[in-house]
Amino acid sequence: MPDTLFDDLIIDTPQTQAIKYTGSKLKLLPYILSMSKSICSDSSRASVFDGFSGSTRVSQAYAKCGYTVFANDMAPYSKIFNTAFLLNTQSKKSYQPLIDHLNALPPVNGWFTEHYGGDGVHKESNNGDGLKKPWQKKNTMKLDGIREEIDRLDLDEITKAVAITSLIFALDTVDSTLGHFASYLNEWSPRSYNDMKLEVPDLWINESQNTVMQYDVFEAVKLLPNNIIIAYFDPPYGSNNEKMPPSRVRYASYYHIWTTICLNDKPALFGKAKRRTDTSDTIAGSVFEEFRKSASGKFMVIEAIEKLIKETNAHYIILSYSSGGRATAHELHGMLNEYGKIIEIKKIDYKKNVMATMKWTNDWIKDTDEKNYEYLFMLEKR
């Protein structure tokens, strides 16, 4: 096995489009695609299952490379993005009249403005309720008018997904957050003063018959066809901090507003960030975020990943995992070996933007520093 894999990276990685997203795999795309190419040189004959699609960058990249993609995620916004990008069969310009129409709508002082719009001055003293807000009112009023119009137009599923995707991407450029909605900035960000404007997303005409799914991942793997070549898994990571309290903000709640914009269901809210009640810590947690051990003495997240690997019917599995997660590289290595042959491991240092492939020794799991690495394991299933 070579000491470095820089020479096998795919330099011309397809462009993808997404919101600001914690755990985004944008920087990992060259490595994920190079792994995939090494086991399947003809992408047009290969199918890929993206089990935790999230921001959909990985699914987009696979689809643009010609793979037939099965993209799955429980999050409503992920389904919307995947529908817009992976199922589109029309040119970008065909959507321009719709986007122009939505941009021309008059502002409305509605539900989103009531809960998420603030005055463009010091937040804590001029928002009426004393709470920090993610957007200025001028943009939430445009959001209110546009979102209601999207439902009123009775669009087909793909066109509606394109419209909502355009709306979310536009809002993402004028927010006053750090990229998530568990809390908001004390002072307005410079970009929040800009006027929101919708644009047609960077769509392409799909030639493969991609599939968009919205299931718990354990249900999704049961619905896959038998000829899946690659399954890519990027589960949410529970903290490896031993002092982590049993109640904390769950991953799903970081993007609760995107969920509400997709559903337009005006849900009950709670807390200073006005989160959806169905994203509360006791409801929205994933087993992959667990930090506790089960009755067997194993960490629950390790058992969950093992169950997923065992039940996935794919020739190869690529698993992405952070060194900051509850599962350790050593535990993952040992568990994966039970279900096949580990044919490649990549370790990426995000800050240094360097990567090395590990040799067949235990040296790669003996990191003595506390840097945050991303590991990519490629398993050939038995």
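The values are calculated or read from the model by the stated rules, or taken from the named source; none is laboratory data. Everything numeric in this text was worked out from a predicted model, so none of it was measured. FYI the Cβ positions are ideal-geometry reconstructions off the backbone, even for glycines, and counts take in every protein chain you see. Ligands, DNA and RNA are excluded from the accessible area calculation, which covers all protein heavy atoms including side chains. Shrake-Rupley method; radii C 1.70, N 1.55, O 1.52, S 1.80 Å.
If I ignore ligands, DNA and RNA and count only protein heavy atoms, how much of Leu263 is accessible to a 1.4 Å probe, in Å² to the nearest 10?
The accessible area comes out at roughly 90 Å².
For segment 200-213, in order, what is each residue's ³J(HN,Hα) by Karplus, 6.51 cos²θ - 1.76 cosθ + 1.60 with θ = phi - 60°, in whole Hz (x at glycine and Pro)?
5, x, 7, 7, 9, 8, 6, 9, 7, 8, 6, 10, 10, 10
Would you mind counting up the charge near Lys341? Only other residues with Cβ under 14 Å from its Cβ, with Lys and Arg at +1 and Asp and Glu at -1. It would help to have the intermediate numbers written out before the result.
Numbers: positive: Lys381, Arg382; negative: Glu338, Glu344, Glu380.
For residues surrounding Lys341, the net value is -1.
I want to check the label-to-label distance for Asn186 and Lys298. Put each point 7 Å from Cα in the C-beta direction and report it in nm to one decimal.
The modelled label-to-label distance comes out at 4.6 nm.
Express in whole angstrom the spacing between the alpha-carbon centres of segment 156-170 and segment 24-102.
Result: 15 Å between the Cα centres.
What value in Å³ per residue do you get for the convex hull of the alpha-carbon atoms in segment 30-93? Write out the running numbers ahead of the final one.
On the way: hull volume 5.8 nm³, N = 64.
It is 91 Å³ per residue.
How many nm is it between the label spots at Leu153 and Thr22, if each spot is 7 Å from the Cα in line with the beta carbon?
3.3
With every protein chain kept in the model, how would you rank Arg276, Arg152, Arg57, Arg191 by accessible area, 1.4 Å probe, largest at the top? Before the final figure, lay out the partial values.
Details: Arg276 10, Arg152 155, Arg57 30, Arg191 75 Å².
The most accessible residue leads, giving Arg152, Arg191, Arg57, Arg276.
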